[in-house]
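*Asks:* Mind having a look at this structure? Questions to follow.
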Amino acid sequence: MKIWGLTGSIGMGKSTAAAAFRRLRVPVFDADAAVHALQGPRGRAVRPIEAEFPGTTGPAGVNREALRRAVLGNPAALTRLERIVHPLVRDEQRRFLARARARGASLVVLDIPLLFETRRDLREFDAILVVSAPARVQRARVLARGGMTPERLDAILARQMPDAQKRARATHVIRTGLSRHHAQAAVRRLVKDAR
């Protein structure tokens with residue numbers, strides 16, 4: 001079974017690329033969705049997060065805004081949070097891969113936004129796919145999101161590896177700044193070549 005890593009900075013079109021893989025019946029593991037489930041009601045990350053960051057959880061699970069405030073501008077706190085969340089996400093990923101193998105999948109995609117930033121062992125992937133768009137397109141996409149501000153975007157980008165460095169490490173770059181059709185055609189070509 002081939003394992004492809006899919007990554008890209010915020011607002012680069014990774015969700016669009018992941019959806020294109022799903023439409024081609026390629027199983028996709030969504031690390032962000034795994035985090036949301038782990039932090040949701042009865043999620044496995046809720047208790048350890050509350051123990052480490054008291055007052056950041058409730059009946060609905062983790063209060064993401066309260067948790068963001070608890071770690072914002074505090075690298076040590078962010079590291080403590082990552083030590084809780086990352087192993088749980090890796091466990092969910094292992095379960096996903098086991099299910100995909102059991103179903104006989106020939107190709108899977110692991111959608112991991114911070115693939116490079118979390119210093120994953122890239123040898124576990126048969127290819128690394130990076131989604132990329134011009135900076136002006138990226139900025140416009142992200143600032144159109146509710147609750148996003150230029151300052152918050154700048155803080156997020158400061159924690160992410162620059163797009164040029166990601167592209168340099170990629171096996172394939174999926175350009176999403178031209179059109180949705182162009183990006184989907186690129187995904188189709190990749191899958192066709194892999195199969």
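The values are calculated or read from the model by the stated rules, or taken from the named source; none is laboratory data. If you're wondering where the values come from, they're calculated on a predicted model, not measured in any experiment. With ideal geometry, Cβ positions are generated from the backbone for all residues, glycine too; neighbour counts draw on all protein chains shown.
*Asks:* Of the residues that make up the stretch 128-138, is at least one over 14 Å from the mean Cα position of the chain (by Cα) and free of Cβ contacts under 8 Å to residues at least 40 places away in the same chain?
*Replies:* yes
*Asks:* Kindly establish whether G43 is assigned to a loop (DSSP other than H, G, I, E, B), outside the structural domain of D163 (by TED's automatic domain parsing) and buried (at least 18 other Cβ atoms within 10 Å of the Cβ). First the steps, then the outcome.
*Replies:* On the way: assigned to a loop (DSSP other than H, G, I, E, B): yes; outside the structural domain of D163 (by TED's automatic domain parsing): yes; buried (at least 18 other Cβ atoms within 10 Å of the Cβ): yes.
Spelling it out, G43 is indeed assigned to a loop (DSSP other than H, G, I, E, B), outside the structural domain of D163 (by TED's automatic domain parsing) and buried (at least 18 other Cβ atoms within 10 Å of the Cβ).
*Asks:* So, one more: Test of understanding: among R145, R83, R69, R99, which residue is outside any strand (DSSP E or B), in the same structural domain as G13 (by TED's automatic domain parsing), surrounded by 11 or more Cβ atoms within 10 Å (Cβ to Cβ) and basic (K, R)?
*Replies:* Details: R83 fails: in the same structural domain as G13 (by TED's automatic domain parsing); R69 fails: in the same structural domain as G13 (by TED's automatic domain parsing); R99 fails: in the same structural domain as G13 (by TED's automatic domain parsing).
Just one listed residue meets the conditions, R145.
*Asks:* Here is a follow-up. Condition test on V173, is it in a helix (DSSP H, G or I), of a type in the set (V, I, T) and either out of contact with any Phe, Trp or Tyr (no Cβ under 6 Å at 6 or more places or on another chain) or not assigned by TED's automatic domain parsing to the domain that holds P75 (or both)? Lay out the reasoning, then the answer.
*Replies:* Values: in a helix (DSSP H, G or I): no; of a type in the set (V, I, T): yes; either out of contact with any Phe, Trp or Tyr (no Cβ under 6 Å at 6 or more places or on another chain) or not assigned by TED's automatic domain parsing to the domain that holds P75 (or both): yes.
Against the criterion (in a helix (DSSP H, G or I), of a type in the set (V, I, T) and either out of contact with any Phe, Trp or Tyr (no Cβ under 6 Å at 6 or more places or on another chain) or not assigned by TED's automatic domain parsing to the domain that holds P75 (or both)), V173 does not qualify.
*Asks:* Regarding the stretch 162-172, can at least one residue be identified that is in contact with a helix residue (DSSP H, G or I) (Cβ under 9 Å, 6 or more places away or on another chain), among the β-branched types (V, I, T) and either free of Cβ contacts under 8 Å to residues at least 12 places away in the same chain or surrounded by 14 or more Cβ atoms within 10 Å (Cβ to Cβ) (or both)? Break it down into steps so the answer makes sense when it comes.
*Replies:* In the first step, residues of the stretch 162-172 are kept if they are in contact with a helix residue (DSSP H, G or I) (Cβ under 9 Å, 6 or more places away or on another chain); the result is 163, 169, 172.
Okay, now just the ones that are also among the β-branched types (V, I, T), so none.
No, the stretch 162-172 contains no residue that is in contact with a helix residue (DSSP H, G or I) (Cβ under 9 Å, 6 or more places away or on another chain), among the β-branched types (V, I, T) and either free of Cβ contacts under 8 Å to residues at least 12 places away in the same chain or surrounded by 14 or more Cβ atoms within 10 Å (Cβ to Cβ) (or both).
*Asks:* Now for a different question. Before we move on, is A158 in a helix (DSSP H, G or I) and either farther than 13 Å from G13 by Cα or among the basic types (K, R) (or both)?
*Replies:* Spelling it out, A158 is indeed in a helix (DSSP H, G or I) and either farther than 13 Å from G13 by Cα or among the basic types (K, R) (or both).
*Asks:* Mind listing just one residue for me: the one in the stretch 176-195 that is assigned to a loop (DSSP other than H, G, I, E, B) and surrounded by fewer than 12 Cβ atoms within 10 Å (Cβ to Cβ) and, of those, nearest to the chain's Cα centre (by Cα)? Let's see the steps before the verdict.
*Replies:* Applying the first criterion (assigned to a loop (DSSP other than H, G, I, E, B)) to the stretch 176-195 yields 176-179, 195.
Okay, now just the ones that are also surrounded by fewer than 12 Cβ atoms within 10 Å (Cβ to Cβ), so 179, 195.
Working: S179: 21, R195: 24 Å.
Selected residue: S179.
*Asks:* Please count how many residues of the stretch 8-40 are over 13 Å from the mean Cα position of the chain (by Cα), among the small types (G, A, S) and not assigned by TED's automatic domain parsing to the domain that holds D163.
*Replies:* Of the residues in the stretch 8-40, 2 are over 13 Å from the mean Cα position of the chain (by Cα), among the small types (G, A, S) and not assigned by TED's automatic domain parsing to the domain that holds D163.
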